[in-house]
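K.L.:
Encoded as structure tokens, here's the structure I'll be asking about.
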Amino acid sequence: MKIGFIGLGHMGAPMALNLIKAGHALTVFDLSAEAMQMLADAGATRAATPKAAATGAEWVVTMLPAAAHVRTVLSAEDGVLAGIAKGVTIIDSSTIDPASAREFGKLAAANGNAFVDAPVSGGTGGAAAGTLTFMVGGSAALYESVKPVLSGMGKNIVHCGETGTGQVAKICNNLVLGVTMAGVAEAMALGEALGIDSKVLGGIMNTSTGRCWSSDTYNPFPGVIETAPSSRGYTGGFGTDLMLKDMGLATDAAKSVRQPAYMGALAQQLYQAMSSRGDGKLDFSAIIKLYRGEKG
């Protein structure tokens with residue numbers, strides 16, 4: 001298939017590479033010349049604008065940092081909607097608020113195009129391995145139509161409901177992730193202060209009722225999980241600023257429906273503290289630094 005792919009960051013680049021590996025013809029756009037060159041070296045065609053990336057495409061995929069970027073890429077003078085053919089579906093895998101996803105669905109529909117929100121879970125490792133989970137918001141027919149594209153990048157493709165519900169699933173999932181990471185960091189730091197070996201404590205937690213992804217796969221204490229970002233100086237992975245953004249999406253969505261988010265609000269403040277002291281680029285598991293009294 002001919003696919004226009006816009007957004008070649010830590011997640012978008014490996015996703016686009018997997019589409020090329022699956023045999024699709026990609027035309028790509030990103031503000032980073034280095035990212036564009038990497039995809040060109042893999043066989044993609046570089047586009048000068050989002051409009052150019054969408055021109056002639058049978059599908060358009062966007063993977064961008066925030067709703068403001070998606071809005072610009074779609075509706076700018078040199079944006080996707082200016083170049084896309086009628087009837088072509090837009091798949092947005094960015095993590096944004098549900099209300100914006102529904103707004104973009106209406107913008108696309110007014111231009112004669114379908115829009116699917118399909119945020120992902122699985123991190124950079126899942127993006128590289130092609131094992132991402134896609135949470136798809138759109139009609140049942142649209143869901144079936146996009147599965148062949150998404151299967152080139154992910155393993156689990158789940159229909160969540162109508163437009164916007166993919167984003168609902170994503171922000172609820174990341175709300176749990178942000179809160180559990182803070183909880184694991186608190187427990188691991190407490191264990192260290194009380195004198196237990198951190199690997200022993202981590203092993204016990206991972207075979208007991210405290211077990212969760214933040215503990216058994218992404219443990220924030222250095223050396224407990226050798227493949228976790230904590231064991232490589234909190235580099236790579238999912239940045240603290242990105243988690244802060246997602247916690248903000250969750251708490252803002254909660255306010256919009258007058259739903260309490262007690263734990264989410266507290267966790268958001270912890271990640272805000274990390275970001276404010278200059279640790280926003282570190283993996284979000286670096287939140288344990290707050291508990292261990294480490295300077296930013």
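K.L.:
For a test of the definition: using alpha carbon positions, the gyration tensor, and the 1.5 limit on a/c, classify the stretch 2-161 as rounded, prolate or oblate.
P.N.:
Details: a/c = 1.44, a/b = 1.07, b/c = 1.35.
It comes out rounded by the Cα gyration axes.
K.L.:
Right, next: From the backbone phi of the stretch 147-161, what are the Karplus-calculated ³J(HN,Hα) couplings (6.51 cos²θ - 1.76 cosθ + 1.60, θ = phi - 60°) in whole Hz, Gly and Pro given as x?
P.N.:
Per-residue couplings from phi come out as 4, x, 6, 5, 5, x, 10, x, 9, 10, 10, 10, 8, 9, x Hz.
K.L.:
Further question on the same structure: Enumerate the aspartates and glutamates that K255 could reach by cross-link, defined here as Cα to Cα under 15 Å, with residues fewer than 8 away along the same chain left out.
P.N.:
D97, D246
K.L.:
Check E58: other-chain or 5+ apart residues with amide H under 5 Å from its amide H, H built from backbone geometry?
P.N.:
K2, I3, G4
K.L.:
Something else: Specify the inter-centroid distance of the stretch 232-294 and the stretch 51-107, based on alpha-carbon positions, in whole Å.
P.N.:
Distance between centres, Cα-based: 27 Å.
K.L.:
Determine the relative contact order of the stretch 137-296: mean sequence separation of Cα pairs under 8 Å and six or more apart, normalised by residue count, in whole percent. Write down the numbers at each step before the final one.
P.N.:
On the way: 203 pairs, mean separation 36.1, N = 160.
For the stretch 137-296, the relative contact order is 23 percent.
K.L.:
By how many degrees, between 0 and 90 and to the nearest 10, does the Cα long axis of helix 165-194 differ from the longest principal axis of the chain?
P.N.:
Roughly 20 degrees between the two axes.
K.L.:
Past the 18 angstrom mark, what percentage of all C-alpha to C-alpha distances in the stretch 168-292 do you count? Don't jump to the answer; show the numbers that get you there.
P.N.:
Values: 3834 of 7750 pairs.
Tail of the P(r) past 18 Å holds 49 percent of the pairs.
K.L.:
Residue by residue, what Karplus-based ³J(HN,Hα) values in Hz, rounded to whole numbers, does the stretch 203-217 have, using 6.51, -1.76 and 1.60 with θ = phi - 60° and x for Gly and Pro?
P.N.:
In residue order, the calculated couplings are x, 5, 4, 7, 10, 10, 6, x, 5, 7, 4, 5, 9, 8, 10 Hz.
K.L.:
Let me ask something else about it. Just to compare against my own numbers: the Cα pair-distance distribution for the chain, 5 Å bins, whole % per bin, please.
P.N.:
Result returned by the calculation: 1, 6, 12, 15, 17, 15, 12, 9, 6, 3, 2, 1, 0.
K.L.:
On a 21 Å Cα-Cα criterion, which of the cross-link pairs K51/K281; K2/K51; K147/K170; K170/K245 come out too long?
P.N.:
Numbers: K51/K281 31 Å; K2/K51 15 Å; K147/K170 18 Å; K170/K245 12 Å.
Beyond 21 Å between Cα atoms: K51/K281.
K.L.:
Work out from phi, with θ = phi - 60° and the Karplus expression 6.51 cos²θ - 1.76 cosθ + 1.60, the ³J(HN,Hα) of each residue of the stretch 47-61, listed in order in whole Hz, and give x for Gly and Pro.
P.N.:
My calculation for the stretch 47-61 gives 10, 7, 8, x, 4, 5, 5, 7, 5, x, 7, 8, 9, 10, 10 Hz in order.
K.L.:
Hey, which aspartates and glutamates would be in cross-link range of K86, C-alpha to C-alpha under 12 Å, not counting anything within fewer than 8 residues on its own chain?
P.N.:
Hits, sequence-local ones excluded: E58.
Every read-out reported here was derived from the displayed coordinates using simple, explicitly stated rules and does not represent laboratory data. Computed from a predicted model, the values in this text were never measured in an experiment.
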